[in-house]
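Student: Okay, handing you the structure first.
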Amino acid sequence: MQAIDQRHLMPRVTDPGTHAQQLAYLRAWRSETIETTTSYAGNPAVADLHDAAQAAGIRSSAAVPLKDAQGHVFAVLILFGRYPGVFETPSARTFLAALGLLVSERQHETSREQRFAPISAERRHALRDRLYRGALELHYQPVVDLRCGKPDLVEALARLRLEDGTLASPAEFLPGFGATELVRLFRDGLHQALTQLQAWDAQGLKLVVSLNLPPAVLIHPDCSTWDP
């Protein structure tokens with residue numbers, strides 16, 4: 001990183017008309033998608049950086065936008081490659097997308113930890129135990145179409161039934177859950193939501209269910225084969 005900084009491979013840009021605006025990390029800020037520089041050689045957009053990149057042993061780069069819980073970019077993660085085109089293969093693109101989700105999710109968890117009051121290890125264990133004992137309950141909040149006054153969508157809200165019969169809200173149990181628990185929460189919720197949809201369908205109710213999807217599910221290697 002010291003060599004990169006000394007050679008100004010990530011310059012501060014004040015003139016929007018400069019070629020530096022075509023750098024991958026600046027394009028990622030604007031497009032909010034993964035951007036790459038396939039090669040620093042022969043690329044007029046980064047011609048000014050070619051010699052410095054070569055001296056630092058850098059031949060390519062990738063910029064991964066990191067997004068907060070609202071989907072807004074709050075930072076860009078930059079990776080440098082020793083060889084041209086290392087970030088262009090399908091497997092590399094999958095890796096970059098997964099890395100972005102993991103780092104973003106960690107930021108979400110940190111934000112939740114800061115937003116919610118810390119819970120004790122005993123409380124954390126009790127909440128996880130209730131989850132794995134099948135204590136998840138979905139409560140459905142209708143979304144009404146104002147044009148006809150009828151609901152066409154319901155939002156599934158997760159609650160945990162505690163041993164004393166009370167319900168715990170996400171603000172109470174999410175701080176105690178990591179990626180493994182969030183995957184279990186989603187799978188149990190998906191099963192319940194699909195079962196409820198079948199029951200409504202049998203009654204002639206045609207509704208769509210909205211269910212929160214944690215990033216941990218998207219990057220799970222077996223998620224496409226799960227049987228709800």
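What follows is calculated from the coordinates using simple rules that are stated; it is not laboratory data. Just so we're clear, the structure is a prediction, and the values are computed from it rather than from any experiment. For neighbour counting, all protein chains shown are included, and Cβ atoms are generated from backbone atoms with ideal geometry for every residue, glycine included.
Student: Between residue 140 and residue 55, what length comes free when the chain is fully extended (0.36 nm per residue of separation minus the Cα-Cα distance, one decimal in nm)?
Tutor: Extending this stretch completely gives an extra 24.7 nm.
Student: Report Rg(Cα)/(2.2 N^0.38 Å) for the range 77-228, keeping two decimals.
Tutor: Numbers: Rg = 19.1 Å, N = 152, 2.2 N^0.38 = 14.8 Å.
Normalised Rg, Cα atoms only: 1.29.
Student: Continuing with this model, one more query. Name the long-range amide H neighbours of residue 35: under 5 Å, sequence gap of 5 or more, or other chain; modelled H, no Pro or chain starts.
Tutor: Amide H to amide H, under 5 Å and 5 or more residues apart or across chains, residue 35 pairs with 63.
Student: Right, next: Got the relative contact order for the range 121-225 handy, in percent, Cα pairs under 8 Å and 6 or more residues apart?
Tutor: So the answer I get is 28 percent.
Student: State to the nearest 20 debye the size of the charge dipole of the range 121-228 about its Cα centre, where the only charges are +1 on K and R beta carbons and -1 on D and E beta carbons.
Tutor: Details: 12 positive and 14 negative charges, 18 e Å.
Here the size comes out at about 80 debye.
Student: Which one of 139, 207, 157 has its Cα pushed farthest toward the positive end of the charge dipole of the range 130-228, where Lys and Arg give +1 and Asp and Glu give -1 at the Cβ?
Tutor: It is 207.
Student: Full extension from residue 91 to residue 70: what is 0.36 nm times the residue separation minus their Cα-Cα distance, to one decimal in nm?
Tutor: Gain in length upon complete extension: 4.8 nm.
Student: Can you compute the FRET efficiency between residue 98 and residue 208 using 1/(1 + (r/R0)^6), with r the Cβ-Cβ distance and R0 = 25 Å? Round to the nearest 0.05. Working shown, then result.
Tutor: On the way: r = 28 Å, r/R0 = 1.13.
For residue 98 and residue 208, the calculated efficiency is 0.35.
Student: Still on this structure: For residue 191 and residue 83 in the same chain, what is the full-extension length gain: residue separation times 0.36 nm, less their Cα-Cα distance, in nm?
Tutor: Fully extending the segment from residue 191 to residue 83 adds 34.3 nm.
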